[in-house]
Amino acid sequence: MTFEIPETMKAMMLTAYDHLELREVPVPKPGPGEVLCRIKSVAICGSDPKMIHGGYAFTNWPPYYPFIMGHEWAGQVVALGEGVEDFQVGDRVAGEAHHGCGHCENCKNGHYTVCLNYGKDGLNSKLDTGHRHYGFYWQGANAEYNVYKTGALCKIADNVSYDVASMCDTAGVAMHGVLQAGVTPGGTSVVFGPGPIGLCAMMECKALGSGRVIMIGRGAKLEKARELGADVCIDFTKEDVVARVLELTNGIGADEVMECSGADDSPYKACQMVRKAGHVALIANYHDPANLALPMNTVVFNEVQLHGSKANPGVSKMVLDFFASGKINGEALVSHTFPLEDYEKAVDIFEHKKDNSVKVVINP
């Protein structure tokens, strides 16, 4: 199988904070250990609008202008770089945002999303000891083509669409947190925040054997959680969520709590509603982390196990299998699709939660 690859492509470029331009740019060429992919679908992440507005300036994202964002994607391999043997032209693949250096202690232990060489490109090293953070620190997928290290790719089953597979990162972020906390077979799991990550976490908890999953949220997204199988839905605008969870668990508390909302008071509440020696996974990003409060005496006296969870290391195959088997209902999460030309409209709908949007996907 061969593909005719053009010299140039369309790409949505961030040229300054709050300024996007659709440009014609050269198609990149794959180097050793890399493949060129035709981008079929790119899901918009909550971090994308924040990056557009300059909310990650302290992290040096983006590192330069103009910059191609986009890190939740799926597509097809159309060309191979030198030495590539694990993928073939024509393979359908989903990508991860992170590709670690592979040489530091964290990478060796599987923690490549917290690679010790983050921010180093490694291009002048014979071992290529750099870290790729696609769409943040390295060119991303808001284009017709992009080049990726093969270690950042996972093959897609034939029955999983590109739109659904583009949520491999979304479902993977949820899965990493769920696995960090663990799921108690037959127990009670609580998920804060019925956004895309929270909905995935809820379905993953059920698939991994939780006896009862409680979702905390409000409005249309809480109803979406009910539709997708949440056993109990608590509207935090109408009930004391801690009291309600303790009531449902006979005063013992939940076995594990997944905090996916990003609300500043949710980590505090999560620690109050989890059982003694229970687990709390913090999967979200927070608006004002310096002023985030935790009930530290409760954490200490109850031996609450807190888990910070970053990105999706080592879980892509698992979540893609869950999409293929229907354990994660990916089709129900894709609420809107747009061509690349309508990227700004798509971001507006996603960011401002218009039209009951859940996951908004771009098709370059």
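The values are calculated or read from the model by the stated rules, or taken from the named source; none is laboratory data. What you see is a predicted model, and the numbers here were worked out from it, not measured in a lab. Heads up, the Cβs are rebuilt from the backbone with ideal geometry, glycines too, and the neighbour counts pull from every protein chain shown.
Structure summary
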quantity	calculated
Residue check, residue 245 modelled with pLDDT of 95 or more, assigned to a helix (DSSP H, G or I) and crowded, with 19+ Cβ neighbours inside 10 Å	yes
Filter result for the condition that a residue is surrounded by fewer than 20 Cβ atoms within 10 Å (Cβ to Cβ), in contact (Cβ under 8 Å) with a residue 12 or more places away in the chain and among the hydroxyl-bearing types (Ser, Thr, Tyr), over 166, 210, 161, 189	161
Top-ranked residue of the range 1-31 - restricted to ones that are more than 27 Å from the chain's Cα centre (by Cα) and not in a strand (DSSP E or B), ranked as surrounded by the fewest Cβ atoms within 10 Å (Cβ to Cβ)	4
Given (1) in contact with a strand residue (DSSP E or B) (Cβ under 8 Å, 6 or more places away or on another chain); (2) of a type outside the set (Gly, Ala, Ser); (3) closer than 27 Å to residue 319 by Cβ, index of the condition residue 204 fails	(1)
Selection status of residue 148, aromatic (Phe, Trp, Tyr), closer than 30 Å to residue 13 by Cβ and modelled with pLDDT under 95	no
Flag for residue 286 being in the same structural domain as residue 50 (by TED's automatic domain parsing) and either surrounded by fewer than 22 Cβ atoms within 10 Å (Cβ to Cβ) or not in a loop (DSSP other than H, G, I, E, B) (or both)	no
The listed residue being of a type in the set (A, V, I, L, M, F, W, C), touching a Leu at 6+ places or on another chain (Cβ under 6 Å), under 20 Å from residue 41 (Cβ atoms) and buried (at least 22 other Cβ atoms within 10 Å of the Cβ), out of 93, 77, 147	93
Residue ID - nearest to residue 312 (Cα to Cα), chosen from residues in the range 65-108 that are among the charged types (D, E, K, R) and assigned to a loop (DSSP other than H, G, I, E, B)	96
Close pairs from the range 110-122: first farther than 19 Å from residue 309 by Cα, partner assigned to a loop (DSSP other than H, G, I, E, B) and of a type in the set (Gly, Ala, Ser), Cβ under 6 Å, at least 6 apart	120/130; 121/130; 122/130
Residue match in the range 56-64 (condition: over 25 Å from residue 289 (Cβ atoms), of a type outside the set (Asp, Glu) and in a strand (DSSP E or B))	no
Qualifying position, being under 24 Å from residue 336 (Cα atoms) and of a type in the set (A, V, I, L, M, F, W, C), among 61, 73, 138	73
When residues of the range 32-45 are limited to those that are under 25 Å from the mean Cα position of the chain (by Cα) and in a loop (DSSP other than H, G, I, E, B), the one surrounded by the fewest Cβ atoms within 10 Å (Cβ to Cβ)	33
Long-range neighbours under 7 Å by Cβ, at least six apart or interchain, first residue in contact (Cβ under 8 Å) with a residue 40 or more places away in the chain within the range 1-27, second assigned to a loop (DSSP other than H, G, I, E, B) and of a type in the set (D, E, K, R)	9/144; 10/144; 27/7
Scope the range 256-280; condition more than 24 Å from the chain's Cα centre (by Cα) and assigned to a strand (DSSP E or B); matching residues	274, 275, 276, 277, 278
Selected residue [at negative phi and modelled with pLDDT under 95] from 102, 95, 55	55
Members of the range 219-242 that are in contact with a strand residue (DSSP E or B) (Cβ under 6 Å, 6 or more places away or on another chain) and either assigned to a strand (DSSP E or B) or buried (at least 16 other Cβ atoms within 10 Å of the Cβ) (or both)	222, 225, 230, 231, 232, 233, 234, 236, 241
